[in-house]
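In what follows, a single structure is set out as structure tokens and then discussed.
The values are calculated or read from the model by the stated rules, or taken from the named source; none is laboratory data. Quick caveat: nothing in here was measured; it's all calculated off a predicted structure. Here the Cβ is made from the backbone with ideal geometry for all residues, glycine too, and neighbour counts use every protein chain on show.
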């Protein structure tokens, strides 16, 4: 398929399934969907679109592979390491290796973002229950 | 840098230089800029932002590496192989290996698009002068 049409204003694409963010029930998250936009043969990377509904958040996790993120819808906040950042349309976020990170949508807006990752990548690690509070502290939630 | 701010509505990013599309004077193009948004260590791919001004166009070329493209500003047209496609916001375009391609902005709007490519890639080939007319025929220009 050489062209995949975006359905005007929906952030859905023709023939691209809107998936559960994670199938693994063990990792906590809230109101997140995942769409794989590109995973072409001959490309060592994938481009995915994640959408976090208002008030939702992705899993707090870390891994060796890096994330290259661009916001393309709405706004929210990112935790990256020991800092939290407010996110607006088209802001870019780099998540370095083994850095705790989490994305939150605003309470009154979704947060939709592209995330480029290597095709070949390691699985995320989750924090231990007793670590979560201090890791998430910069978010002030 | 973990966050790079987009300057609201401009499609310019803090500290990201807006470059000439090509430095090589041999390849024809018109009114195109290039910004490299992500080329992180540990990522085998880059994400670039190209912007074609109204009435402008990229070089007609082909290469072994593939392009994964998302429109994020304006509208225009893409030639991919023997077909031309109208492009609207958030449409996706895949350019397969060794496929002639060219992007045109509309006459009254820019065309801004993300393009994901492998970090390690071959150089583009240009058509011979006598081939251009038949390759570009689907564009009906």
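So how many residues does the stretch A:24-49 have that are under 18 Å from residue A:124 (Cβ atoms), more than 14 Å from chain B (Cβ to nearest Cβ) and under 15 Å from the mean Cα position of the chain (by Cα)?
The first filter runs over the stretch A:24-49 and keeps only residues under 18 Å from residue A:124 (Cβ atoms), leaving A:24-30, A:32-34, A:36, A:45-46, A:48.
Remaining after also requiring more than 14 Å from chain B (Cβ to nearest Cβ): A:24-30, A:32-34.
Pick out the ones that are also under 15 Å from the mean Cα position of the chain (by Cα) and you get A:27-30, A:32-34.
Total meeting the criteria: 7.
Would you check if residue B:78 is in contact with a strand residue (DSSP E or B) (Cβ under 7 Å, 6 or more places away or on another chain), within 11 Å of chain A (Cβ to nearest Cβ) and more than 24 Å from residue B:119 (Cα to Cα)? Step through it out loud before you land on a result.
Numbers: in contact with a strand residue (DSSP E or B) (Cβ under 7 Å, 6 or more places away or on another chain): yes; within 11 Å of chain A (Cβ to nearest Cβ): yes; more than 24 Å from residue B:119 (Cα to Cα): no.
Taking the combined requirement at face value, the residue does not satisfy it.
Quick check: anything in the stretch A:56-66 within 23 Å of residue B:65 (Cβ to Cβ), touching a residue at least 40 places away in the same chain (Cβ under 8 Å) and within 14 Å of another protein chain (Cβ to nearest Cβ)?
Here is the first cut: in the stretch A:56-66, the ones within 23 Å of residue B:65 (Cβ to Cβ) are A:65-66.
With the extra rule that they be touching a residue at least 40 places away in the same chain (Cβ under 8 Å), the set shrinks to A:65-66.
Filter again for within 14 Å of another protein chain (Cβ to nearest Cβ), leaving A:65-66.
Yes, there is a match, as at least one residue in the stretch A:56-66 is within 23 Å of residue B:65 (Cβ to Cβ), touching a residue at least 40 places away in the same chain (Cβ under 8 Å) and within 14 Å of another protein chain (Cβ to nearest Cβ).
So, in the stretch A:39-92, how many residues would count as being modelled with pLDDT of 95 or more and under 20 Å from residue B:72 (Cβ atoms)?
25
Being assigned to a strand (DSSP E or B) and within 13 Å of chain B (Cβ to nearest Cβ) is the filter here; which residues of the stretch A:1-23 pass it?
Hits for the stretch A:1-23 are A:3, A:4, A:6, A:13.
Which one of the conditions (1) assigned to a loop (DSSP other than H, G, I, E, B); (2) closer than 25 Å to residue A:89 by Cβ does residue B:36 fail to meet, given that it meets all the rest?
All conditions pass for residue B:36, except number (1).
Starting from the stretch A:27-49, keep only residues that are on the phi > 0 side of the Ramachandran plot and in contact (Cβ under 8 Å) with a residue 24 or more places away in the chain, then list their pairs with residues that are surrounded by 19 or more Cβ atoms within 10 Å (Cβ to Cβ) and in a strand (DSSP E or B) whose Cβ atoms are within a distance under 6 Å, requiring at least 6 positions of separation or different chains.
Matching pairs, first to second residue: A:31/A:56.
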